[in-house]
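To start, the structure itself, in structure tokens.
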Amino acid sequence: MTTAITARTPALKTKLPAVGTTIFTVMSALAAEHKAVNLGQGFPDFDCDPKLVQAVNQAMTSGQNQYPPMVGVQVLRDAVSKKVKALHSKNYDANTEITITAGATQAIITAILAVVHPGDEVIVLEPCYDSYVPNIELAGGTVVRVPLTPGTFKPDFDKISAAINSKTRAIIINSPHNPSATIWSKEDMLKLQEVLAPTDVLLISDEVYEHMVYDGQEHQSAARFPSLAARAFIVSSFGKTYHVTGWKVGFVAAPAALTAEFRKVHQFNVFTVNTPVQYGLASYMADDQPYLTLPAFYQHKRDLFKTGLTHTKFKILPTTGSYFQCVDISDVSDLPEAEFCKWLTTEIGVAAIPLSAFYGNGFDQRIVRFCFAKKDETLNLALEKLAKL
């Protein structure tokens with residue numbers, strides 16, 4: 001006699017009990033449902049340079065379609081090394097210190113998995129990008145949350161220093177900053193260098209918005225500061241720089257000893273990255289103008305959007321970097337940030353993101369974030385709707 005077997009999915013114990021549907025998914029779905037202008041998620045609604053697509057197509061048609069080297073194709077690593085040296089006067093060896101990654105998000109989790117052991121502490125500065133904390137938890141590390149100064153979002157070095165102890169393995173910084181649209185100054189980086197110098201704390205420097213710095217200011221990469229560069233994984237994104245976020249290609253620059261550990265993890269979580277895209281990017285990078293002119297390109301959009309917002313009751317916060325604009329909603333509504341963003345989407349027809357979503361405790365300081373990486377006509381349509389406020 002055959003015994004009936006009941007199909008049953010075994011119960012799981014989640015590794016990420018606090019993770020649910022992100023606010024970005026919620027707001028994008030709400031925007032689509034109400035046909036709202038989506039200024040919530042941070043990606044362009046315009047195409048990249050056709051020359052970049054042609055370069056990738058050329059790589060495909062010339063047969064560059066098989067596995068590339070695990071660390072990335074040589075010509076792209078060479079191009080990255082040349083670019084970093086030109087911008088920041090820091091020489092990274094293309095063979096031992098630069099790795100091509102499947103986007104910046106993969107780069108960050110790979111760095112964390114490479115260096116963080118169970119029980120290690122990692123400092124994150126809130127508000128922060130939403131992948132940092134789950135990455136640390138997946139590595140078995142302990143998240144130590146240190147707030148940036150409310151209002152200005154400047155680093156509080158007294159609080160950072162107080163958070164460092166013998167268990168601290170790393171600190172993650174992000175400049176230009178998502179979501180606050182602020183940048184770290186040279187003085188900030190020098191102070192961080194001073195704070196970390198007597199320690200063995202590693203630095204993960206998220207610099208994906210490196211070419212979106214405005215009003216004549218310069219991006220202060222960790223590569224510029226010898227004592228920081230010596231302990232840093234510097235992460236950047238071709239997707240952000242060249243308006244191709246869906247291609248998911250980035251890079252990490254780090255000292256050879258750190259890169260060796262990074263690559264041990266990299267080879268087993270993605271192994272390698274899209275071959276023709278790598279060759280296309282390398283070819284396109286022969287011209288430095290696309291990234292050198294990017295600050296002016298986005299400053300135009302920032303100024304267009306900011307000028308339009310002056311016709312609302314929003315209090316406009318400074319945007320010195322990234323492609324985000326934060327506003328204080330105190331004079332517009334008494335709703336909490338998240339509820340206000342839902343109301344704004346359904347009733348006004350423009351989607352935004354609450355800053356409270358970037359804090360572990362949901363800290364609500366009456367600020368929401370818009371993305372201005374959009375066509376001018378998209379921004380003008382959003383501003384026409386926001387003018388009702």
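What follows draws every value from the coordinates through simple rules; no lab data is involved. Note that the coordinates shown come from a computational prediction; the quantities given were computed from them, not determined experimentally. Virtual Cβ from ideal backbone geometry, glycine too; neighbours counted across all protein chains shown.
Here is how the numbers come out for the structure above:
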item: Furthest towards positive pole of dipole, Leu52, Leu113, Thr199, structure part the chain, Cβ charges; result: Leu113
item: Structure-derived Kirkwood radius over Cα pairs in Å: which label, when the choices are [x] 24.4; [y] 20.8; [z] 22.0; result: [z]
item: Filtered chymotrypsin sites (Phe, Trp or Tyr not before Pro), the range 207-276: DSSP coil and at most 11 other beta carbons within 10 Å; result: Phe271
item: Helix runs (DSSP H) in the chain reaching 18 Å along axis by Cα, Kyte-Doolittle at least 1.0; result: 103-115
item: The range 249-389 - charge dipole about Cα centre, Lys and Arg +1 at Cβ, Asp and Glu -1, debye rounded to 20; result: 100 debye
item: Over the range 64-287, relative contact order from alpha-carbon pairs under 8 Å, at least 6 apart, %; result: 29 percent
item: Two-site label geometry, Val19 and Glu261: point separation in nm, points 7 Å out along Cα→Cβ; result: 2.2 nm
item: Spin-label model distance (nm) - Ser161 vs Thr149, 7 Å beyond Cα toward Cβ; result: 1.5 nm
item: Förster-model FRET efficiency, 45 Å R0, Lys83 and Ala11, C-beta, rounded to 0.05; result: 0.35
item: Order of Cys371, Cys48 under a 10 Å beta carbon neighbour criterion, fewest first; result: Cys48, Cys371
item: Listed residue (His300, Ala286, Ile353) projecting farthest to the positive dipole end of the range 246-355, Cβ model; result: Ala286
item: Segment Thr3-Asp364, extension gain: residue separation times 0.36 nm, minus the distance between their alpha carbons; result: 124.2 nm
item: Förster radius 35 Å - calculated FRET efficiency between Ser227 and Thr307, Cβ distance, rounded to 0.05; result: 0.25
item: Size of charge dipole - the range 1-114 - debye, nearest 20, with Cβ of Lys, Arg +1 and Asp, Glu -1, no other charges; result: 320 debye
item: Farthest positive-ward along the chain dipole, Cα basis, beta-carbon charges - from Ser333, Phe271, Val143; result: Phe271
item: Within the chain, longest stretch free of exposed trypsin sites (Lys or Arg not before Pro) [DSSP loop, at most 14 other beta carbons within 10 Å]; result: 168-312
item: Student exercise, the chain dipole from Lys, Arg, Asp, Glu Cβ charges, in Debye to nearest 20; result: 540 debye
item: Rel. contact order, % - alpha carbon contacts under 8 angstrom, at least six apart, the chain; result: 25 percent
